[in-house]
Amino acid sequence: MEYLNNFFGNLLLDEHHALSNEIMQIKDFSTTQEKGQTTAQKNTSSTTQKILQILSENPKSSRKELALETGLSEDGIKWNLEKLKKENKIRRIGPDKGGHWEVVKK
């Protein structure tokens, strides 16, 4: 986070921070495993659970509203919704405008 703050400070605010690789920390998700799941997989799983919870509480939620609630981009929400539809966990009832989401109970 510090690296990004310095980078954008330099870019946008004409600050002069030194940008070195030492302060940039990149985690390799493929080697960070816990109980058979990588951190990336756990984050995706918790994100989809949060989306399902939001849609259960408010089926008329838009992608924009879901993005604000989860912290994802609208494209990230679109990707997750497509994934959930393919997994038959949600379905769209009605048109894009005026329709709503249904969480499939199994």
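Observations on the structure shown:
- Filtered by the rule that a residue be out of contact with any strand residue (DSSP E or B) (no Cβ under 8 Å at 6 or more places or on another chain) and assigned to a loop (DSSP other than H, G, I, E, B), region 70-96 gives GLY71, LEU72, SER73, GLU87, ASN88, PRO95, ASP96.
- Complete set of residues in region 53-71 that are more than 18 Å from LYS97 (Cβ to Cβ) and out of contact with any helix residue (DSSP H, G or I) (no Cβ under 7 Å at 6 or more places or on another chain): GLN53, SER56, GLU57, LEU68, GLY71
- Residue among GLN33, GLN49 that alone is modelled with pLDDT under 75, out of contact with any helix residue (DSSP H, G or I) (no Cβ under 7 Å at 6 or more places or on another chain) and surrounded by 10 or more Cβ atoms within 10 Å (Cβ to Cβ): GLN33
The values are calculated or read from the model by the stated rules, or taken from the named source; none is laboratory data. Only a predicted model underlies this, so the values are computations on that prediction, with no experimental measurement involved. Cβ atoms come from the backbone with ideal geometry, glycine included; neighbour counts cover every protein chain shown.
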